[in-house]
1. Carbon and sulfur together cover what percent of the accessible area of the chain at a 1.4 Å probe radius?
2. Expressed as a whole number of Å, what is the distance separating the alpha-carbon centroids of the stretch 24-38 and the stretch 87-123?
3. Taking a probe of 1.4 Å, how large is the accessible area per residue of the stretch 96-236, in Å²?
4. Over what distance in Å are the Cα centres of the stretch 332-364 and the stretch 147-169 separated?
5. At a 10 angstrom cut-off on C-beta neighbours, averaged per residue, how do the peptides 108-118, 135-145 rank from highest to lowest?
6. Would you mind pulling out the separation of the Cα centroids of the stretch 378-405 and the stretch 425-446, in Å?
7. Between M402 and residues 5 or more places away or on another chain, which pairs have amide H atoms under 5 Å apart, with H built 1.01 Å from N, and which residues are they?
8. Show the residues, 5+ positions off or on another chain, whose built amide H is closer than 5 Å to the amide H of E500.
Amino acid sequence: MLLEIAKLPTAENTVIHLHATDNIAVARVPISVGAELKVDGHAVTARDPIPAGHKIALVRIPSGETVRRYGQIIGRASAVIEPGRHVHTHNLAFEELHFDYEFPGAETPLAARRASPTFLGYPREDGRVGTRNYIAVVAASNCAAHTAELIARSFAGEELPANVDGVVAFPHGEGCGHAIGPDTEQLQRTLAGVLAHPNVAAAIILGLGCEVNQISHYLGPNAPRTGRLVGMTLQDSGGTRGAVQAARTEIARLMEQCSQEKRVEVPASRIVLGLNCGGSDSFSGITANPALGVCSDMLAAIGATAALAETTEIFGAEHLLVRRARNRQVADKLLGFVESYKQYLRRFHGSFDDNPSPGNKEGGLSNILEKSLGAVAKAGTSTLTDAVDYAEPLRTPGFVFMNTPGYDPVSLTGLAAGGCNLIAFTTGRGSAIGFPSVPVLKISSNSNTYRRMRDNMDVNAGAIADGDKSVQEVGREIFDALLRVASGEKTCAERLGHQEFVPWRIGPVM
């Protein structure tokens, strides 16, 4: 629900009532005991101090009665909750919901594309477009991770040729001690997506030589960009120092080729945007996420792609996405990922409600149902056109879902490996994460975090809760910022050098 909020707090707008059926409201500012509030003409007196972003009961909620936010169930009262009381983990119980899904009855055609604005990007041979022009040094295994970092670090401070954004390393702790099978295949899919990424002009795949994840998997006549992908091992290069020197020689050659590439005007329909959130708070589902949803709908309208991730953070809201599926097949794929994740959690005696962090709860989110209902707002209102597994290529325009964990560095890695050339990341508590080869635009859900972490935040969606801007205005602001970033403007995470890269390990360590 998109809200217009007046700037100065009054009895009428101190809280935000998101849906007519909600029996709670969200405090826009801290509320003192005894404060008189009016919600839709109904008077409520605060009986507890309510921190900003937290929930206040509007009516008496009997024990066992459902509590609603966004017009959806977010749990049951574990005790009687009187009007004006603070509603949170102490009196709101989580329970897993079971839905009668509204499956699509017929195929929804892809929407006709509107006229697209443009940005300055790097067209690639496969039809995709890069927003950056990096040379990547990708470790095949942990045994090559340190050397990959040394290679990239050796170029620090050197003047690079024009049009080359830098040499970036992709170290990680996987690639050996894996069982041959789905886990190794997922790692190989992830690294292959990094090597052939549209933001990567050329790359080196570096192994030790004897690991499970052999570099030969990425090489050969069928490998993409055979002229711009070099494979080497420490064992064949004379060890760490020898590999660094050999890699520098190859990169010098690759730089000559990459420097010939120039940004050209391309339609914004070539944007593939990853949607992620981290360090969420209660305002995330009111300000930053709905604003990003407006941007996502704008991208879908011009034939671009917006990919929502984090399976753990659609749980309890998946029924809303099923309604929007293009067809039954896409809906079943989405639900298949949710069910597979349930099985994954059962193996470790876990629950989806283990997801909200202490910071999420301090920010007013009581459980995963409440968190998910706010998180899915990042995907706007357009048709769900596809659902793909972790690090699978994103090929469908419009709103797409990718199966990833909610752990931010792993989720961003999957989105990037799938081909996202930009990532938009909303945060309430504050997050500083980035990615080696993909710009990550940070959107703060509240003005306090924006002011406290100004070096890390690109857009302040907190202006919505302040009453200074509308959701639509901030959505347009995000869209315009993404076009500038796609054309070369650096995000805060890029300027600070954040380059987190963590593949998803799902199998046993051998």
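The values are calculated or read from the model by the stated rules, or taken from the named source; none is laboratory data. Keep in mind the model is a prediction, meaning the values are calculated, not measured. Cβ sites come from the backbone with ideal geometry, for glycine too, and all protein chains shown count toward neighbours. Surface areas here come from the heavy atoms of the whole protein model, side chains and all, with no ligands, DNA or RNA. Shrake-Rupley method; radii C 1.70, N 1.55, O 1.52, S 1.80 Å.
1. Carbon and sulfur together cover 51 percent of it.
2. Cα centroid to Cα centroid, the span is 31 Å.
3. Solvent-accessible surface per residue comes out at 45 Å².
4. When both Cα centres are located, 38 Å separates them.
5. Descending mean neighbour count gives 135-145, 108-118.
6. 19
7. The list, which skips near neighbours in sequence, is L308, A309, V388.
8. G434, F435
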